Structure formats: structure tokens, C-alpha cells
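The values are calculated or read from the model by the stated rules, or taken from the named source; none is laboratory data. Only a predicted model underlies this, so the values are computations on that prediction, with no experimental measurement involved. Positions of Cβ are generated from backbone atoms using ideal geometry, with glycine treated the same way; all protein chains shown enter the neighbour counts. These accessible areas exclude ligands, DNA and RNA; they are computed on the full protein's heavy atoms, side chains included. Shrake-Rupley method; radii C 1.70, N 1.55, O 1.52, S 1.80 Å.
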Amino acid sequence: MSNTAHDDEWVRKPASASVGTNCTAAQYDSMYAESLADPDRFWAAQADRLDWIKRPTKIAGWNYDPVDIRWFEDGKLNICHNAVDRHVAAGHGDRVALIFEPDSPDAEGRHITYAQLQTEVIRMANTLKKLGAKKGDRVTIYMPMIPEGVFAMLACARIGAIHSVIFGGFSPDAIAGRVEDCESDWIVTADQGLRGSKIVPLKANVDEALEKVSVKAVLVVRHTGGEIAMREGRDHWYHEVSQGVDDECPCEPMDAEDPLFILYTSGSTGSPKGVLHTTGGYAVWTETTFRYVFDYRPGEVFWCTADIGWVTGHSYIVYGPLQNGATALMFEGVPNYPDHDRFWAACEKHKVNIFYTAPTAIRALMREGEAHVAKHDLSSLRLIGSVGEPINPEAWRWYHEHVGAGAVPVIDTWWQTETGGVMITTLPGAHDMKPGSAGLPFFGICPQLVDNDGDVLEGAAAGNLCITRSWPGQARTVYGDHDRFIQTYFSTYAGKYFTGDGCRRDADGYYWITGRVDDVINVSGHRMGTAEVESALVLHAYVSEAAVVGYPHDIKGQGIYCYVTLKVGEEPSEELAGELRQWVRKEIGPIATPDHLHFTPALPKTRSGKIMRRILRKIAENDFGSLGDTSTLADPSVVETLIEGRQNR
Ligand code: PRX
């Protein structure tokens with residue numbers, strides 16, 4: 001099996017009888033052409049599948065200079081109504097909306113119908129109201145992967161509150177920063193989470209965060225039943241405070257451009273940004289992408305293995321599937337517990353039809369061997385997908401051959417927190433695939449490659465990936481900091497949205513994402529700013545300076561390599577290295593744990609004091625034979641010392 005990507009390696013889509021017929025190649029061509037020629041007509045037609053309180057007459061209303069993005073502006077709707085109530089009203093109340101697969105395969109799972117979902121969401125919504133939350137308020141959700149996390153999101157949407165979901169793996173400091181940034185007065189959490197039988201102390205983390213910031217109320221869902229502290233007047237058990245709430249709660253009529261959620265994500269500089277998505281455009285975008293990309297058919301079971309703390313969970317566990325009336329599987333645990341066959345055991349058990357995961361999980365499972373897959377009957381699978389980072393062709397082929405029986409189409413979906421939903425992918429019934437390439441733009445998407453000077457590259461070329469026109473699911477701003485939004489995405493190449501990714505387009509027009517071109521790294525599909533890890537390190541009393549870079553890692557995609565200079569008088573040691581690793585875990589969360597810590601007396605800097613990261617990246621990659629020009633360094637001898645001390649040998 002080779003791990004190289006070839007522009008001419010085609011994997012043919014299965015005969016149309018056995019896959020999606022929602023969109024053939026000819027239909028894709030004509031729909032894509034129409035989406036560009038007449039976006040208003042195209043998107044009005046897509047929007048028509050939703051229930052609107054007031055149907056929009058203004059469809060696309062955006063400008064990239066100055067940046068002002070609006071879609072369906074004069075429409076009114078509620079996304080919770082579209083995800084829940086309208087299916088019940090249409091007589092589908094008995095259909096299963098969520099299948100909950102718990103951490104332990106021996107624990108009891110749940111099947112939640114649309115009617116039950118409606119009841120649960122109303123209960124949560126009225127409880128939030130009882131605690132004082134209302135339209136426009138920010139509600140933080142810090143939950144394990146249990147259905148109550150979805151109830152909480154939908155409950156916010158129902159009452160018009162803006163949810164800010166924080167991944168359950170983040171630290172108390174990360175929670176505090178996010179709660180403070182969006183001035184959130186409510187937190188919904190659980191006593192504890194479970195991941196691979198390990199306990200995640202969610203409520204204890206919230207308590208620690210609340211030593212730094214304060215909120216009006218914390219709503220606590222009892223999950224493990226573990227011992228936790230409850231502060232009188234501030235903390236409320238969900239099962240207690242929800243007692244006796246009304247069993248009706250009308251969906252709040254929302255303007256299409258009313259905020260739906262904030263989701264914090266990392267960039268090159270500064271602390272994570274609160275990316276803001278609004279109601280109408282995001283609703284249409286997630287409904288449409290789910291429908292076409294996953295070629296969803298009624299009755300099928302869809303499983304996206306992401307966490308609701310990431311955008312993938314927002315769009316393809318919650319809003320995309322539920323707006324389509326789909327059955328979404330929600331998994332609390334991890335792929336290797338109790339054994340490396342957990343994904344496949346759950347696919348077999350629930351007869352999963354569409355499976356969507358991240359390359360890092362595929363690589364980790366591939367390493368354990370195909371016997372874990374072969375043990376299970378995966379004949380229900382009709383489509384398998386990948387998201388979050390570039391998938392190397394070897395992992396793609398393994399996924400296709402062993403999980404997809406060499407027959408099931410693989411979709412490699414490129415998108416971002418900021419894009420709200422899938423942007424580049426092959427469509428299963430329409431397109432042949434190429435291992436390692438995401439494929440073609442989705443309806444309405446105009447990718448453009450530019451060189452570092454901003455000159456547009458035509459035809460087969462490699463460059464920086466921009467998008468030249470807005471699409472309904474585009475983020476509208478950074479919460480509370482529109483200038484930062486403009487600065488981050490629209491200033492590098494004026495008048496275009498810059499994705500931060502490098503990309504190649506081949507002669508067939510297929511796009512190949514090559515990874516970030518900024519100081520963002522992607523570790524096991526988790527997006528992280530190197531600057532965040534650096535800030536965490538320099539908070540330690542012994543650290544004088546830190547520079548963090550990514551390097552290729554077999555399983556994680558990228559690993560975290562930290563160069564650290566200590567304050568005068570402090571000595572490097574194994575013990576201190578261990579302490580710094582723990583320190584970063586505590587400051588940010590376990591996902592940011594450094595893989596390599598390299599103590600160095602100095603960092604390579606130019607005479608003006610700028611750290612030459614290019615050199616640090618090369619040494620971290622163990623590729624110091626091609627360091628390029630080092631003559632502009634203030635002290636070129638630093639490089640020799642760094643090479644000698646390299647950790648990734
Ligand atoms: O670098 C790209 C990578 O993940 C980044 C976005 O991360 P995040 O906002 O956390 O969203 C991840 C899930 C949508 C992108 O800038 N990325 C995402 N999907 C792919 C990818 N890189 C290559 N191929 C993909 N399919």
C-alpha cells in the first residue's frame with residue numbers, strides 16, 4: 001500500500017443503483033451552475049424545504065468590502081422548530097431522532113423519538129427560562145456526549161438564547177475565558193463525564209472556573225451520580241429544578257440574522273475567537289449540506305463520531321440530521337474502549353448506514369489491524385466520510401477497503417468552524433473519488449487559489465485557499481469583535497475570505513487540502529493555535545520564552561513540539577519537562593499536551609528579534625538538512641545547538 005497521492009488515481013463511484021440517487025453527476029453540474037448563476041433563486045428553493053414563520057424575500061445580501069454578511073434577511077424562523085416540532089407535526093413523532101450509545105457497551109443506551117425529543121427540549125427550555133435565561137442571552141454548555149447536551153442546545157435555540165458549547169476536554173481556565181468573553185450568565189453541565197471508563201470532572205472544572213468568573217446559575221444534569229459540590233443559590237440539579245415546569249414552550253420567532261450560537265476556535269494569534277453563526281443561513285446550509293453530501297434517505301441511521309463541542313457535532317449530530325428528520329447516533333465514549341472494535345461493534349449493533357469520522361481515528365484503528373473490523377457485520381454501511389484534517393491516501397484506502405468493503409463511497413469533506421458546514425467534497429452518487437483529495441466545491445462555493453502576493457492562480461496550481469463569494473452558512477462575525485473578524489479572514493487577500501489552508505487543484509478540478517499555512521496546528525483533528533500553547537508555557541514561573549510548532553505525526557496528523565528557554569538560574573530536567581506537560585494540560589486541556597519538550601538556551605532570532613519559525617519547524621520535523629538561509633540570524637550558532645538537542649529523532 002503506498003501512501004502517496006496521485007492525481008490520476010480514481011476510485012469509481014459505485015453503480016448508481018446501489019448508492020445515492022439524490023444527485024447524479026449531471027444534476028450536480030446543473031445545480032452547481034445554477035447556484036452560481038442565480039444564487040437567489042437557488043437558495044430560495046433550498047430554503048423552501050424549511051418551515052418559515054415569515055418566508056424570506058431577500059436571499060443573498062452580503063458584501064466582503066466592507067464585510068457585512070446577511071442571508072434570508074427578512075425571513076423569520078426557529079431552527080428548533082425545524083429540527084424537532086415540524087417532524088412531530090408531520091406525523092413522524094415515533095421516528096427515532098437520537099440513538100444514545102453509552103461509554104460502556106454494557107450500560108443501557110437510549111432511543112429517543114422526535115416526540116420524546118420535543119418533550120425533553122421543552123422541559124430544558126422552560127427550566128432555562130425559570131432560571132432567568134431569555135432571548136439573546138449567552139448560555140454556556142459544558143457537557144459530556146449525552147442526549148441532554150443536545151437538549152440544551154435545542155432548548156437555547158427554542159427560546160432564542162445563544163449557545164456557546166465548550167468541549168468537555170477543556171480546562172477550567174479555558175471555560176473561564178470563554179464565559180467571560182461572551183458574558184455568559186448560565187452554564188449547563190453534568191456532574192461528570194465518562195470517556196473510556198475514565199471520569200471527566202465536569203462540575204468540578206466548572207467550580208474551578210467560577211473562582212475566576214461568576215454566573216447567575218449553573219444547571220447540573222446528573223449523569224454518573226458521582227460526588228460533586230453544589231453551591232446553594234447558584235447551582236441547580238436539573239432533575240429538581242425542572243420539576244413542575246410547563247409542558248409547553250412556544251418556539252421564539254427569530255430573525256434569520258439573529259445569532260444562533262458562538263463557538264470558540266483557535267487562530268494564529270491571541271486567545272480563541274468566538275465565531276458567531278446566525279439562524280437562517282446556518283439552518284439552510286446545514287439542512288442542504290446534510291441532505292446532499294450524505295445523500296440521506298429517510299429511515300437511515302447516521303453516525304458522526306465528533307463531539308458536540310466542535311462544529312462537526314453542531315452541524316452533523318444536531319442541526320443537519322435533525323432538520324432532515326434523520327436518526328442520529330450519539331456516542332459517549334472513545335474508539336478503543338473496551339477494545340479497538342468499538343466503532344464497528346456499534347455500527348453493527350445499530351445498523352449504521354452512514355458513518356462519519358476523523359482521519360486520526362482511522363489511522364489509530366488501522367494500526368490495530370483489520371481483524372477488529374472483520375469481526376463485525378458492516379453490511380448496513382452505505383457511505384463513509386472523513387473530516388477534520390487531511391486524510392493520507394493510505395488511511396483513505398484502508399478505510400475504503402476494510403470499513404467500506406471496497407465498495408462503499410468515501411467522502412472527504414473539507415470545511416471549518418467558520419464555514420458552518422461542508423464546502424468541498426465529492427457527492428456520493430455523483431462523483432468518482434481520489435484518495436487524498438476532498439474533491440469538488442459544494443453548491444454555491446467558489447474556491448480560489450492565490451499565491452502569497454494575492455495573484456489568482458488558474459487551472460492546475462497550488463496556493464492559498466480563498467473563497468470569493470459568501471454562502472449561507474458563513475460565520476457572520478467574531479462575537480464582540482467585528483474588526484478581528486475582518487482582520488483574520490478578509491485582510492490577507494482583500495475582498496476574499498481566506499481560509500488559512502494551503503491547497504492544490506489538479507487538472508480535473510479536484511481540490512487537495514495540504515494543511516494550514518498559518519500558525520494553527522491540527523492535532524488529532526483538534527484545531528489549536530501554537531500561540532495558545534506558548535502563552536500557557538510562559539505562564540509557568542520557570543519559563544522565560546517558548547516557541548511551539550507542529551510536526552508530522554503518524555496517528556495525530558500533527559504533534560506538538562515545544563521549544564522552551566528557562567529563566568536564568570533554572571536547570572532543565574526530565575522532571576521539569578513532565579511538570580510543563582502537566583502544566584499545559586491544566587491550562588488548556590489534555591488535547592494540548594506537548595509531545596516533545598526541547599529545552600534550549602536560546603531561540604533562533606533575526607537581528608530584529610523575530611523568531612525564525614521555519615527553522616524550528618524543520619528541526620521538529622527532523623529535517624535539518626534543508627534549513628535554508630540562516631545568515632540573517634542574530635546568532636547562527638544557535639541552530640547547531642538546537643539540532644544537537646532535537647527531540648524527534
Ligand atoms: O485545515 C483544515 C482542516 O481543519 C481546519 C478547520 O478546523 P475546525 O474549524 O476545527 O473544523 C474542523 C471540522 C470541520 C481546516 O482549516 N480540515 C478540516 N477538514 C479537512 C481539513 N483538512 C483537510 N481535509 C479535510 N477534509
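Some points to look at:
- Modelled FRET efficiency - R0 41 Å, THR24 with GLU227, Cβ distances, 0.05 increments: 0.10
- Positive contributions from Lys and Arg (+1) and negative ones from Asp and Glu (-1), summed over other residues with Cβ under 10 Å from the Cβ of LYS54, come out at 0.
- Shape box of the range 237-285 [Cα atoms, principal axes, largest first, Å]: 48, 29, 14
- Helices of the chain meeting both criteria, an alpha-carbon length of 15 angstrom or more along the long axis and an average Kyte-Doolittle score not below 0.0, with helices taken as full DSSP H segments, are 147-159.
- Only protein heavy atoms count here; on that basis, with a 1.4 Å probe, VAL456 has an accessible area of about 70 Å².
- With N as its number of residues, the range 146-299 has a Cα radius of gyration that, divided by 2.2 N^0.38 Å, comes to 1.14.
- Centroid-to-centroid separation of the range 93-116 and the range 560-626 [C-alpha atoms, Å]: 45 Å
- Estimated inter-spin distance, THR606 and LYS58, nm [label 7 Å along Cα→Cβ]: 4.5 nm
- Against the empirical 2.2 N^0.38 Å (N residues), the chain has a Cα radius of gyration ratio of 0.94.
- Distance histogram in 5 Å bins (all Cα pairs of the range 21-99, percent per bin): 3, 12, 16, 16, 16, 17, 13, 4, 1, 0
- The heavy atoms of ILE59 present about 10 square angstrom of accessible area, all protein chains included, probe 1.4 Å.
- Proportion of all alpha-carbon pairs of the range 524-645 beyond 23 Å (%): 28 percent
- Cα centroid separation - the range 9-88 against the range 289-344, whole Å: 21 Å
- Protein-only accessible surface order, largest first, of TYR64, TYR337 at 1.4 Å: TYR337, TYR64
- Excluding same-chain neighbours fewer than eight residues apart, the lysines reachable from LYS610 by a Cα-Cα span under 22 Å are LYS567, LYS618.
- Accessible-area composition of the chain, carbon plus sulfur, in percent [1.4 Å probe]: 48 percent
- Rounded to the nearest 0.05, the FRET efficiency derived from the C-beta distance between LYS135 and ARG614 at R0 = 41 Å is 0.25.
- Seen from LYS556, the other residues with C-beta closer than 11 Å to its C-beta sum to a net charge of -2, counting Lys and Arg as +1 and Asp and Glu as -1.
- Cut-off 11 Å between beta-carbons: net charge of the residues surrounding HIS526, Lys and Arg +1, Asp and Glu -1: 0
- If you take the alpha carbon atoms of the range 245-384 and fit the smallest convex hull around them, that volume is 172 Å³ per residue.
- Probe 1.4 Å, all protein chains present, accessible-area order of SER315, SER544, SER268, largest first: SER544, SER268, SER315
- Shown here is the pair-distance distribution of the range 321-393: with all Cα-Cα distances grouped in 10 Å bins from zero up to the longest one, the shares run 18, 53, 27, 3 percent.
- Longest to shortest principal axis, alpha-carbon extents of the range 419-502, angstrom: 42, 28, 19
- Rg/Rh ratio calculated on Cα atoms of the range 71-211 (Kirkwood radius): 1.00
- Residue-level accessible surface for TYR561, protein heavy atoms, 1.4 Å, Å²: 0 Å²
- For the range 448-591, convex hull of alpha carbons as volume per residue, Å³: 157 Å³
- Where only C-alpha atoms are counted, convex hull volume of the range 366-429 per residue in Å³: 102 Å³
- Pairs with C-alpha atoms separated by more than 30 Å, drawn from the list LYS130/LYS351; LYS54/LYS135; LYS349/LYS586; LYS54/LYS134; LYS54/LYS130, are LYS130/LYS351; LYS349/LYS586.
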